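The values are calculated or read from the model by the stated rules, or taken from the named source; none is laboratory data. Please read all numbers here as calculations on a predicted model, not as lab measurements. Side chains are part of the model used for accessible areas, which takes the heavy atoms of the whole protein and leaves out ligands, DNA and RNA. Shrake-Rupley method; radii C 1.70, N 1.55, O 1.52, S 1.80 Å.
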Amino acid sequence: KMEEDMDNITEEDRKKMLEKWAPLRDETLEETSRRFQIVIGAILSKQTQFSMVLKAIRTMKENKTLCPDGKSLNPEKLANFEWEALHRMISFVHYNKQKSKHIVAASKLIVERFRGVVPTQPDQTQLLPGIGPMLSSVIDIVG
(Lines give C-alpha, C1' and ligand atoms only; values in the text may rest on other atoms or scores of the structure.)
Protein backbone atom coordinates (compact mmCIF):
# COMPACT_ATOMS: atom_id res chain seq x y z
CA LYS A 1 0.00 0.00 0.00
CA MET A 2 2.75 2.44 0.99
CA GLU A 3 4.67 1.68 -2.22
CA GLU A 4 1.56 2.50 -4.27
CA ASP A 5 1.23 5.75 -2.33
CA MET A 6 4.82 6.66 -3.27
CA ASP A 7 4.03 5.98 -6.94
CA ASN A 8 1.15 8.45 -6.74
CA ILE A 9 2.90 11.14 -4.72
CA THR A 10 1.61 14.65 -5.29
CA GLU A 11 3.86 17.45 -6.44
CA GLU A 12 3.33 19.18 -3.08
CA ASP A 13 4.39 16.05 -1.17
CA ARG A 14 7.40 15.65 -3.46
CA LYS A 15 8.40 19.25 -2.72
CA LYS A 16 8.05 18.67 1.06
CA MET A 17 10.17 15.54 0.79
CA LEU A 18 12.88 17.39 -1.12
CA GLU A 19 12.87 20.18 1.47
CA LYS A 20 13.16 17.69 4.36
CA TRP A 21 16.02 15.84 2.71
CA ALA A 22 17.75 19.00 1.43
CA PRO A 23 20.55 18.87 4.06
CA LEU A 24 21.63 15.51 2.64
CA ARG A 25 21.38 16.68 -0.96
CA ASP A 26 24.67 18.56 -0.69
CA GLU A 27 25.26 19.97 -4.17
CA THR A 28 28.97 20.42 -3.44
CA LEU A 29 29.36 16.63 -3.40
CA GLU A 30 29.73 14.64 -6.58
CA GLU A 31 26.58 12.70 -7.50
CA THR A 32 27.96 9.33 -6.36
CA SER A 33 28.82 10.68 -2.91
CA ARG A 34 25.52 12.54 -2.61
CA ARG A 35 23.47 9.45 -3.48
CA PHE A 36 25.47 7.32 -1.04
CA GLN A 37 24.85 9.87 1.72
CA ILE A 38 21.13 9.75 0.93
CA VAL A 39 21.15 5.93 1.19
CA ILE A 40 22.82 6.16 4.61
CA GLY A 41 20.24 8.75 5.63
CA ALA A 42 17.43 6.50 4.41
CA ILE A 43 18.71 3.55 6.44
CA LEU A 44 19.00 5.76 9.52
CA SER A 45 15.61 7.41 9.01
CA LYS A 46 13.34 4.51 9.94
CA GLN A 47 11.54 5.38 13.18
CA THR A 48 14.05 8.14 13.89
CA GLN A 49 13.63 11.91 13.99
CA PHE A 50 15.32 13.50 11.01
CA SER A 51 17.39 15.75 13.28
CA MET A 52 18.98 12.56 14.69
CA VAL A 53 19.66 11.28 11.16
CA LEU A 54 21.52 14.51 10.39
CA LYS A 55 23.40 14.30 13.70
CA ALA A 56 24.44 10.71 12.95
CA ILE A 57 25.74 11.63 9.52
CA ARG A 58 27.65 14.60 10.97
CA THR A 59 29.13 12.27 13.61
CA MET A 60 30.17 9.77 10.95
CA LYS A 61 31.78 12.53 8.87
CA GLU A 62 33.81 13.68 11.89
CA ASN A 63 35.45 10.25 12.07
CA LYS A 64 38.70 10.41 10.08
CA THR A 65 38.69 6.66 9.38
CA LEU A 66 35.23 6.78 7.83
CA CYS A 67 35.57 10.15 6.21
CA PRO A 68 39.18 11.23 5.67
CA ASP A 69 38.17 14.42 3.85
CA GLY A 70 35.55 15.32 6.48
CA LYS A 71 33.08 15.92 3.68
CA SER A 72 31.85 12.79 1.90
CA LEU A 73 31.03 9.36 3.28
CA ASN A 74 32.72 6.62 1.35
CA PRO A 75 31.21 3.16 0.68
CA GLU A 76 34.64 1.48 0.68
CA LYS A 77 35.50 2.91 4.11
CA LEU A 78 32.11 1.98 5.56
CA ALA A 79 32.23 -1.50 4.00
CA ASN A 80 35.44 -2.17 5.93
CA PHE A 81 34.30 -0.54 9.19
CA GLU A 82 33.28 -2.69 12.14
CA TRP A 83 29.53 -2.42 12.68
CA GLU A 84 30.13 -2.53 16.45
CA ALA A 85 32.22 0.65 16.26
CA LEU A 86 29.57 2.32 14.13
CA HIS A 87 26.90 1.16 16.60
CA ARG A 88 28.76 2.93 19.43
CA MET A 89 29.32 6.03 17.29
CA ILE A 90 25.61 6.49 16.55
CA SER A 91 24.30 5.22 19.90
CA PHE A 92 21.73 8.06 20.06
CA VAL A 93 19.85 6.72 16.99
CA HIS A 94 16.90 4.37 17.55
CA TYR A 95 17.70 0.77 16.58
CA ASN A 96 21.36 1.74 16.10
CA LYS A 97 22.62 -1.85 16.31
CA GLN A 98 20.46 -3.06 13.40
CA LYS A 99 21.02 0.14 11.42
CA SER A 100 24.79 -0.13 11.88
CA LYS A 101 24.72 -3.67 10.52
CA HIS A 102 22.56 -2.52 7.59
CA ILE A 103 24.88 0.40 6.80
CA VAL A 104 28.00 -1.79 6.72
CA ALA A 105 26.25 -4.54 4.72
CA ALA A 106 24.72 -2.05 2.25
CA SER A 107 28.15 -0.44 1.80
CA LYS A 108 29.70 -3.85 1.08
CA LEU A 109 27.00 -4.63 -1.47
CA ILE A 110 27.45 -1.23 -3.16
CA VAL A 111 31.20 -1.84 -3.40
CA GLU A 112 31.10 -5.50 -4.42
CA ARG A 113 28.04 -5.68 -6.66
CA PHE A 114 27.64 -2.11 -7.94
CA ARG A 115 31.32 -1.07 -8.16
CA GLY A 116 31.01 1.60 -5.49
CA VAL A 117 28.06 3.39 -7.09
CA VAL A 118 24.55 3.47 -5.60
CA PRO A 119 22.22 1.80 -8.10
CA THR A 120 19.69 4.04 -9.81
CA GLN A 121 17.02 1.40 -10.42
CA PRO A 122 14.56 1.05 -7.49
CA ASP A 123 14.52 -2.77 -7.78
CA GLN A 124 18.31 -2.75 -7.33
CA THR A 125 18.22 -0.17 -4.53
CA GLN A 126 15.83 -2.46 -2.67
CA LEU A 127 18.54 -5.12 -2.60
CA LEU A 128 20.42 -2.96 -0.10
CA PRO A 129 19.91 -4.05 3.52
CA GLY A 130 17.54 -1.69 5.32
CA ILE A 131 16.00 -0.36 2.10
CA GLY A 132 12.49 -1.46 1.20
CA PRO A 133 10.09 -0.20 -1.47
CA MET A 134 9.21 3.04 0.33
CA LEU A 135 12.79 4.09 1.09
CA SER A 136 13.81 3.06 -2.41
CA SER A 137 11.22 5.51 -3.74
CA VAL A 138 12.52 8.22 -1.39
CA ILE A 139 16.07 7.63 -2.68
CA ASP A 140 14.79 7.78 -6.25
CA ILE A 141 12.98 11.09 -5.65
CA VAL A 142 15.59 12.75 -3.43
CA GLY A 143 18.76 11.36 -4.99
Expressed as a percent, the accessible surface of the chain that is carbon or sulfur, using a 1.4 Å probe and the full set of protein chains, is 47 percent
Over all alpha-carbon pairs in the chain, figure out the percentage whose distance exceeds 28 Å. 11 percent
